[in-house]
1. Answer yes or no as to whether residue 287 is under 26 Å from residue 167 (Cα atoms) and in contact with an Asp or Glu (Cβ under 8 Å, 6 or more places away or on another chain).
2. Which members of the stretch 1-44 meet the condition of being within 29 Å of residue 68 (Cα to Cα), of a type in the set (D, E, K, R) and surrounded by fewer than 16 Cβ atoms within 10 Å (Cβ to Cβ)?
3. Does residue 287 satisfy the criteria of being among the charged types (D, E, K, R), surrounded by 15 or more Cβ atoms within 10 Å (Cβ to Cβ), in contact with a Pro (Cβ under 8 Å, 6 or more places away or on another chain) and in the same structural domain as residue 195 (by TED's automatic domain parsing)?
4. Could you please find all residues in the stretch 242-277 being without any contact (Cβ under 8 Å) to a residue 60 or more places away in the chain and under 17 Å from the mean Cα position of the chain (by Cα)?
5. For residues that are out of contact with any helix residue (DSSP H, G or I) (no Cβ under 9 Å at 6 or more places or on another chain) and either surrounded by 13 or more Cβ atoms within 10 Å (Cβ to Cβ) or not in a helix (DSSP H, G or I) (or both), tally how many sit in the stretch 230-250.
6. Checking residue 115 against (1) in the same structural domain as residue 154 (by TED's automatic domain parsing); (2) farther than 23 Å from residue 141 by Cβ, only one condition comes out false. Which one?
Amino acid sequence: MRRVKLIRQSRDFTWARSLKPSNPERKVLFKRVRERYDFSEYALHSYSTQRRKSWLGNHLDSNTVQKLATRAYKAVEKVLFGKSKKVRFKGKNQMDSVEGKSNKSGIRWKGEAVEWSGLELRGLITDNDPVIWHGLNSKVKYVRLVRRKISGKNRFYAQLVCEGKAFVKPKNKLAKGEVGLDIGPSTIAIVGDTAAQLKEFASELEFDTARIRRLQRRMDRSRRATNPDNYNPNGTLKKGKKRWNSSKSYLKVRTSKANLERKLAAHRKSLHGELVNDILRTGDVIKLEKLSYKAFQKLFGSSVGKRAPGMFVYHLKSKAERADGKVVEIPTYSTKLSQTCQCGRVQKKKLSERVHQCECGIQMQRDIYSALLAKHIEPDTFVLQVSQLLEDWQSAELRLQAAWRTATECNQLATGRIRPSSFGRCPEVERVAAEVFKKTSKSQDAVGVAESLEEDVS
């Protein structure tokens with residue numbers, strides 16, 4: 001961070017920032033100022049090796065120290081390039097992973113154990129897991145040690161980074177075809193050659209928000225009782241640096257809350273993996289709009305915090321790459337999928353308008369139709385293939401209508417949950433619901449008439 005401050009104070013850096021990105025002199029100036037202040041990954045490796053002559057050398061080998069230096073360099077580089085505002089330093093009990101550079105020295109996997117600076121840590125290996133045995137039979141490039149806190153206790157895991165391709169279960173075999181996706185803060189629309197879906201992200205998750213809120217209140221009361229000097233008489237926090245004391249009850253409640261959130265995150269990750277496998281079983285070329293998930297966080301913070309669409313896209317890209325698939329991100333500015341119709345009309349819509357209705361007669365749920373258009377975007381030129389879209393529409397219309405109807409019916413009838421407003425109102429479901437309501441009201445009227453007749457006879 002000191003080197004970053006020196007770079008920002010230099011004249012070359014100020015002059016380079018004033019130049020246009022297309023100017024070749026801009027890159028030359030940036031490179032020159034970084035070399036002047038030794039701001040590079042290898043320069044930080046050299047610095048970290050010198051620091052090993054202190055007490056660090058008794059605990060960490062040179063490869064591990066260099067990997068930690070690489071992690072620090074990448075964090076500071078984001079600040080220099082404006083991708084982050086500040087560096088987050090690891091506090092006490094927050095360093096949860098270390099890794100080596102190769103399996104020849106430092107942290108290494110040998111046999112069925114991790115060896116590191118005289119330590120030998122035996123692994124607890126599941127005998128019947130084909131994924132683990134595939135990794136153990138592959139060549140290990142390097143080993144990462146990870147600590148996870150489960151119910152207040154530490155659990156240590158060895159992650160083996162291996163050469164070759166990852167194991168793919170037979171049921172998750174990659175299919176051939178193109179798939180269009182439309183991703184929202186909490187929902188996703190999927191349109192393939194033979195299937196279409198409209199669903200919530202991780203709809204099976206159970207959010208016990210009331211319990212988490214109670215735990216947060218208990219933590220706050222405990223913290224205020226233990227640290228009264230850190231608060232003003234009106235209950236607000238005092239400014240400046242403060243010293244915090246944590247009682248045993250506070251630590252116990254904090255562990256309960258952390259364990260609850262850990263289970264929720266693990267379940268969400270599992271559901272994301274299932275959805276990714278479903279998509280890859282539909283096709284090997286996945287097309288979706290390039291979105292800003294940071295903007296999602298600002299606009300739909302609560303929903304994004306629960307469903308994590310950005311994390312889902314990350315898992316989709318990594319799994320597709322491992323399975324020899326392809327994820328194509330489409331620019332939203334030029335394509336305008338949510339505003340475009342296959343007849344060529346482009347009409348702006350409010351976010352509250354969830355149904356795509358056009359003068360040409362097309363009526364479809366907005367997200368599903370956008371996913372269909374994304375499926376027919378040319379990956380190289382990002383141009384809509386209108387002729388192919390018109391040809392496929394004849395067979396796709398009924399499939400999309402069925403997906404829309406199924407999504408609204410499942411959320412209203414089967415699960416009993418509130419239907420997301422982004423699904424819109426399916427005309428067919430509304431018609432059936434109106435008929436059911438009409439029959440029910442008629443039967444209730446008939447019962448009322450019969451009861452009145454009985455009273456008259458009596």
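1. Details: under 26 Å from residue 167 (Cα atoms): yes; in contact with an Asp or Glu (Cβ under 8 Å, 6 or more places away or on another chain): yes.
When the stated conditions are applied, residue 287 passes them.
2. Selection gives 2, 5, 8, 27, 31, 32, 35, 36, 38, 41.
3. Details: among the charged types (D, E, K, R): yes; surrounded by 15 or more Cβ atoms within 10 Å (Cβ to Cβ): yes; in contact with a Pro (Cβ under 8 Å, 6 or more places away or on another chain): yes; in the same structural domain as residue 195 (by TED's automatic domain parsing): yes.
Against the criterion (among the charged types (D, E, K, R), surrounded by 15 or more Cβ atoms within 10 Å (Cβ to Cβ), in contact with a Pro (Cβ under 8 Å, 6 or more places away or on another chain) and in the same structural domain as residue 195 (by TED's automatic domain parsing)), residue 287 qualifies.
4. 261, 263, 264, 265, 266, 269, 270, 273, 274, 276
5. Looking only at the stretch 230-250, we keep the residues that are out of contact with any helix residue (DSSP H, G or I) (no Cβ under 9 Å at 6 or more places or on another chain), and these are 232-234, 236, 239-241, 248.
Now restrict to residues that are either surrounded by 13 or more Cβ atoms within 10 Å (Cβ to Cβ) or not in a helix (DSSP H, G or I) (or both): 232-234, 236, 239-241.
Adding up the residues that qualify gives 7.
6. Among (1) in the same structural domain as residue 154 (by TED's automatic domain parsing); (2) farther than 23 Å from residue 141 by Cβ, residue 115 violates only (2).
Rundown of residues vs (1) in contact (Cβ under 8 Å) with a residue 12 or more places away in the chain; (2) out of contact with any Gly (no Cβ under 8 Å at 6 or more places or on another chain); (3) of a type in the set (A, V, I, L, M, F, W, C), yes/no style:
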residue: 329; (1), (2), (3): yes, yes, no
residue: 340; (1), (2), (3): yes, yes, no
residue: 360; (1), (2), (3): yes, yes, yes
residue: 366; (1), (2), (3): yes, no, no
residue: 371; (1), (2), (3): yes, no, yes
residue: 375; (1), (2), (3): yes, no, no
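So that you can scan it fast, the table gives a plain yes or no per residue for (1) touching a residue at least 60 places away in the same chain (Cβ under 8 Å); (2) under 17 Å from residue 264 (Cβ atoms); (3) hydrophobic (A, V, I, L, M, F, W, C); (4) in the same structural domain as residue 314 (by TED's automatic domain parsing):
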site: 147; (1), (2), (3), (4): no, no, no, no
site: 150; (1), (2), (3), (4): yes, yes, yes, no
site: 157; (1), (2), (3), (4): no, no, no, no
site: 184; (1), (2), (3), (4): yes, no, no, yes
site: 195; (1), (2), (3), (4): yes, no, yes, yes
site: 200; (1), (2), (3), (4): yes, yes, no, yes
site: 210; (1), (2), (3), (4): no, yes, yes, yes
site: 222; (1), (2), (3), (4): no, no, no, yes
site: 228; (1), (2), (3), (4): no, no, no, yes
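The values are calculated or read from the model by the stated rules, or taken from the named source; none is laboratory data. Predicted model only: the values in this text are computed from it and were never measured. Glycine also receives a Cβ, built like all others from the backbone with ideal geometry; neighbour counts cover every protein chain displayed.
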